[in-house]
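Here the structure is laid out as structure tokens; the discussion comes afterwards.
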Amino acid sequence: MGQPEVRKLVIVGGGTAGWITAAAFSRLLGGRLAIELVESEAIGTVGVGEATIPQIIRLNAILGLDENAFLSATSGTFKLGIEFVDWGRKGSRYLHTFGETGMNLGHVAFHHYWRKSVAEGTPSSLWDYSLHQMAATQAKFGKLDRVGNTSMTGLAYAYHFDASRYALFLRAYAEGRGVTRTEGIVESVQRDNESGDLTAITLKGGRQVEGDFFIDCTGFRALLLGDALGVGYRDWSKWLPCDRALAVPSERLPVLVPYTRATARDAGWQWRIPLQHRTGNGHVYSSGFTSDEVAADTLMQGLDTRALDTPRPIRFTTGRRETFWAHNCAAIGLSSGFLEPLESTSIHLIQSHVSRLIQLFPRAGDPAALRAEYNARCAEEFAQIRDFLILHYHLTDREDSEFWRYCKHMEVPDSLTHKMALFAAGGRVGRDVDDLFRDASWVQVMLGQGIMPADHDPMADQVAPAQLAEFLANVKTLTQRAVAGLPSHEDYLARHCPADPALLAA
């Protein structure tokens with residue numbers, strides 16, 4: 001059945017997902033849509049998505065947000081990557097950076113030249129040539145688009161921030177552009193008897209909120225897409241067995257490093273996210289391999305600074321909805337699915353789904369083709385991120401606990417098996433065109449987790465040994481000089497985007 005013209009958009013649920021959605025729609029489609037967001041202060045949000053990836057810069061640019069004001073309001077810091085500790089084996093560590101390592105030569109990626117040098121007897125780590133690694137190690141940060149007048153790219157970055165304050169920041173933005181906020185708890189959902197489309201929600205107290213299109217931002221509850229429309233859930237816990245998390249804030253780090261840390265534990269992993277006013281911490285774990293009590297002890301004993309609260313529990317099932325848009329309702333955020341925060345993709349999935357929905361948003365008529373395209377693209381993105389996360393667990397030499405033995409020996413999707421085999425054979429990356437993660441990301445994680453390619457690209461052999469040694473030495477020198485000229489991360493924050501004093505005192 002054809003859909004009448006969409007004039008009223010109703011977003012159910014606030015938090016990061018709801019207010020990103022409201023902000024983006026009000027900025028890009030607010031001229032032709034009335035937008036109402038319904039949320040309740042009585043319902044808490046998960047709110048652990050404090051770490052991001054560089055795609056958030058694009059969202060902020062679209063919204064026209066001032067970076068310094070945004071970081072000040074959210075007590076934010078900069079992020080150059082994620083340090084993985086004890087993943088491939090105990091005692092190992094590597095940084096999955098947001099940038100390229102070294103500098104490509106011709107049409108051959110840098111890691112092939114590095115692999116060639118190792119084969120010729122020059123011991124080194126790929127990260128010896130990483131601008132991001134050097135800056136992270138020295139706790140430095142600055143805006144650097146390019147290294148000198150070379151083709152070496154500069155620092156790619158993202159942010160850490162207080163997720164609850166980010167939602168408040170976007171709420172003010174959205175309300176300033178005409179979004180109506182309604183306080184209330186959803187009591188029931190109304191559907192059209194003929195089409196099955198949603199027509200309204202009824203709040204406790206009896207008030208009805210009508211709409212032409214609905215966006216479900218109700219978190220794991222998925223009140224609209226899951227409960228009202230009956231869209232099922234695809235469970236991926238056989239590959240990603242962690243199903244619980246404990247989150248706790250602690251005092252700020254003595255030195256604000258510009259990276260997230262993910263430390264592998266006996267039955268999962270622990271995150272550490274540095275903010276200007278505190279440190280975000282959490283333990284993601286599998287209840288099938290440890291108890292809640294042991295997990296809590298592991299988290300508290302692994303803190304680098306004094307805890308400011310007691311751990312808050314979160315339960316989840318990794319996976320996604322069978323479809324992301326059904327009838328006249330799309331799910332954004334946790335209501336669409338959950339991929340644990342190992343690579344900080346939660347906020348990215350919110351913004352990518354919002355962006356995709358705006359691109360395909362129906363005006364009127366039959367939206368079947370738009371809906372099918374949206375669902376296909378969202379499903380593919382979820383699968384690609386899923387494979388990248390599985391890689392961290394499966395590609396390990398650890399067998400010191402039941403959890404890690406399971407992960408090492410579990411069967412994984414054929415798509416991931418192919419990628420690992422391709423890289424192991426000759427350092428190639430079988431990356432899909434729309435894959436969120438760049439070739440450099442796959443290279444860093446596969447090398448960091450323990451795969452050393454058996455060979456390198458034969459085109460790298462066109463460079464003679466002496467020329468190769470000179471090239472690598474020059475890359476290292478350029479990198480060291482660039483980092484030497486950067487201010488400390490703390491100095492950069494203090495100069496450009498210091499946290500709101502009221503937040504520091506809170």
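For region 76-116, the set of residues classified as of a type in the set (Ser, Thr, Tyr) and out of contact with any strand residue (DSSP E or B) (no Cβ under 9 Å at 6 or more places or on another chain) consists of Thr101 only. Residue count for region 322-378, restricted to those that are hydrophobic (A, V, I, L, M, F, W, C), more than 27 Å from Leu95 (Cα to Cα) and assigned to a helix (DSSP H, G or I): 10. For Ala484, the conditions (1) modelled with pLDDT of 95 or more; (2) more than 19 Å from Ser124 (Cα to Cα); (3) buried (at least 18 other Cβ atoms within 10 Å of the Cβ) are fulfilled apart from (3). Regarding region 72-86, can at least one residue be identified that is more than 22 Å from Phe161 (Cβ to Cβ) and not assigned by TED's automatic domain parsing to the domain that holds Pro274? Yes, the conditions are met somewhere in region 72-86. Selection over region 90-103 of residues that are farther than 17 Å from Ala482 by Cβ and more than 24 Å from the chain's Cα centre (by Cα) gives a count of 2.
Of all residue pairs spaced 6 or more apart or on separate chains, those with beta-carbon atoms under 7 Å, a first member in region 157-174 that is within 22 Å of Arg272 (Cβ to Cβ) and touching a residue at least 24 places away in the same chain (Cβ under 8 Å) and a second member that is acidic (Asp, Glu) and crowded, with 24+ Cβ neighbours inside 10 Å are His160/Glu50; Phe161/Glu50; Asp162/Glu50; Ala163/Glu50. Considering (1) of a type outside the set (Phe, Trp, Tyr); (2) surrounded by 14 or more Cβ atoms within 10 Å (Cβ to Cβ); (3) modelled with pLDDT under 95; (4) more than 25 Å from Arg265 (Cβ to Cβ), the lone condition that His348 does not fulfil carries the number (4).
Are any residues in region 84-116 β-branched (Val, Ile, Thr) and part of a loop (DSSP other than H, G, I, E, B), and if so, which ones?
First, the residues of region 84-116 that are β-branched (Val, Ile, Thr): 85, 97, 101, 108.
If the condition is that a residue be β-branched (Val, Ile, Thr) and part of a loop (DSSP other than H, G, I, E, B), then Thr101 is the only one that fits.
Taking into account only those residues within region 463-480 that are free of Cβ contacts under 8 Å to residues at least 60 places away in the same chain and in a helix (DSSP H, G or I), which is farthest from Phe78 (Cα to Cα)? Of everything passing the filter in region 463-480, Ala466 is farthest from Phe78 (Cα to Cα). Taking residues in region 209-223 that are touching a residue at least 12 places away in the same chain (Cβ under 8 Å) and on the phi > 0 side of the Ramachandran plot, and partners anywhere that are in a strand (DSSP E or B) and among the basic types (Lys, Arg), the pairs with Cβ atoms closer than 9 Å and at least 6 places apart or on different chains are Ala222/Arg321.
Considering region 241-286, the residues that are part of a loop (DSSP other than H, G, I, E, B) and small (Gly, Ala, Ser) include one that is farthest from Asp86 (Cα to Cα), namely Ser286.
Which of the residues belonging to region 276-315 are surrounded by fewer than 22 Cβ atoms within 10 Å (Cβ to Cβ), farther than 16 Å from Arg252 by Cα, of a type in the set (A, V, I, L, M, F, W, C) and in contact with a strand residue (DSSP E or B) (Cβ under 7 Å, 6 or more places away or on another chain)? Answer for region 276-315, where residues must be surrounded by fewer than 22 Cβ atoms within 10 Å (Cβ to Cβ), farther than 16 Å from Arg252 by Cα, of a type in the set (A, V, I, L, M, F, W, C) and in contact with a strand residue (DSSP E or B) (Cβ under 7 Å, 6 or more places away or on another chain): Ala296, Ile314. None of Asn104, Asn149 is out of contact with any Pro (no Cβ under 7 Å at 6 or more places or on another chain) and closer than 27 Å to His496 by Cβ except Asn149. Answer with yes or no whether Leu256 is buried (at least 16 other Cβ atoms within 10 Å of the Cβ) and in contact with a Pro (Cβ under 8 Å, 6 or more places away or on another chain). Yes; evaluated as a whole, the condition is true for this residue.
Would it be correct to say that Ala499 is more than 25 Å from Ala264 (Cβ to Cβ), part of a loop (DSSP other than H, G, I, E, B) and touching a residue at least 60 places away in the same chain (Cβ under 8 Å)?
Judged against the criteria, Ala499 is a match.
The values are calculated or read from the model by the stated rules, or taken from the named source; none is laboratory data. Note that this is a predicted model, so its numbers are computed, not measured. Here Cβ is always computed from backbone atoms with ideal geometry, including for glycine, and neighbour counts include all displayed protein chains.
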